[in-house]
Amino acid sequence: MSFAPEWLALREKADADARAEDLLDPLRETLLNRNPLLVRDVGCGTGSMGRWLARRLDGRQHWVLHDRDPRLLAVAGATVPGPGVTVETREGDLTALRAEDLKGTSLLTASALLDLLTADEVDALAAACVDAGCPALLTLSVAGRVELDPPEPLDAEFAEAFNDHQRREVDGRRLLGPDAVAAAVDSFERRGAVVLARPSPWRLGPDQAALAGEWLRGWVDAACEQRPALAEEAPAYLARRLAGGLRVVVGHVDLLALPRSA
């Protein structure tokens, strides 16, 4: 599963504004004696996590950017997130990482990834991190909560259909969608890790009209794909929403998992 670079560029500022910065203090404390840092960004897209996080961490850093899409890796690899930071890219299956692949890794990061994985894939990721003693910062996972202002009765129907779409089966894989956060917390905690969770919602208004509009169209399209009966209501619903100066809060959650050996 991949995304257009244009969509990732459009959402980068909203992602940066949403990420839970209060998770950074316990992360920095965990990384104190690790210098230089080796950071693996799994499902890196165009590298927005590195551009946000590298300047918030201390010391020299080497980022290894993992993604299945060579187009996105080309963009990510062309960006050096800051002074004292080096970057390399690796194309491959994001679900294939094991503890031995994380040897020497100071931190694993991912953004908007967990909800695209299956329960087994999330469990394997947690096992790899804990077995390797590698902290994980997993941001912007879909929470299944959307608040539109002003509200209207159809909101709940579209939201329910969208959430079901997020849990759909793709190529024999049952995605977790909004259940991913709970699954990840359980997988890490069962292995003795300490997990900190914080809300990281997008708060979109007129200043983010392009992103809000693109998000709404995608949200409605996915809901209609899941529940075709909604397609009859969709054009008028979109017209009302887009004409009224859309304001929406899109729920996400950030997780910091700290294996005790870290």
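The values are calculated or read from the model by the stated rules, or taken from the named source; none is laboratory data. Since this is a predicted model, take the numbers as computed values, not measurements. Here the Cβ is made from the backbone with ideal geometry for all residues, glycine too, and neighbour counts use every protein chain on show. These accessible areas exclude ligands, DNA and RNA; they are computed on the full protein's heavy atoms, side chains included. Shrake-Rupley method; radii C 1.70, N 1.55, O 1.52, S 1.80 Å.
Residue by residue, here is whether (1) in a loop (DSSP other than H, G, I, E, B); (2) farther than 22 Å from Pro259 by Cβ; (3) open to solvent by less than 30 Å² (accessible area, probe 1.4 Å) holds:
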position	(1), (2), (3)
Glu12	no, yes, no
Leu23	no, no, yes
Pro26	no, no, no
Leu38	no, no, no
Val64	no, no, yes
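Would you please list the contacts, defined by Cβ atoms under 7 Å and residues six or more apart or on different chains, that run from a residue in the stretch 163-187 that is closer than 18 Å to Ala127 by Cβ to a residue that is open to solvent by 60 Å² or more (accessible area, probe 1.4 Å) and assigned to a helix (DSSP H, G or I)?
So the pair list comes out empty.
Among the residues that make up the stretch 78-90, is at least one of them assigned to a loop (DSSP other than H, G, I, E, B) and within 28 Å of Trp219 (Cα to Cα)?
no
Kindly indicate the residue of the stretch 230-262 that is in a helix (DSSP H, G or I) and open to solvent by 80 Å² or more (accessible area, probe 1.4 Å) and also farthest from Glu21 (Cα to Cα) among those meeting that condition.
Only one residue fits best here, namely Glu232.
Can you work out which of the residues in the stretch 86-97 that are modelled with pLDDT of 95 or more and surrounded by fewer than 19 Cβ atoms within 10 Å (Cβ to Cβ) is farthest from Trp52 (Cα to Cα)?
Checked the stretch 86-97; the qualifying residue farthest from Trp52 (Cα to Cα) is Glu91.
Kindly provide the set of residues from the stretch 98-124 that are closer than 28 Å to Gly251 by Cα and without any contact (Cβ under 8 Å) to a residue 60 or more places away in the chain, ordered by number.
Scanning the stretch 98-124 gives Thr118, Asp120, Glu121, Ala124.
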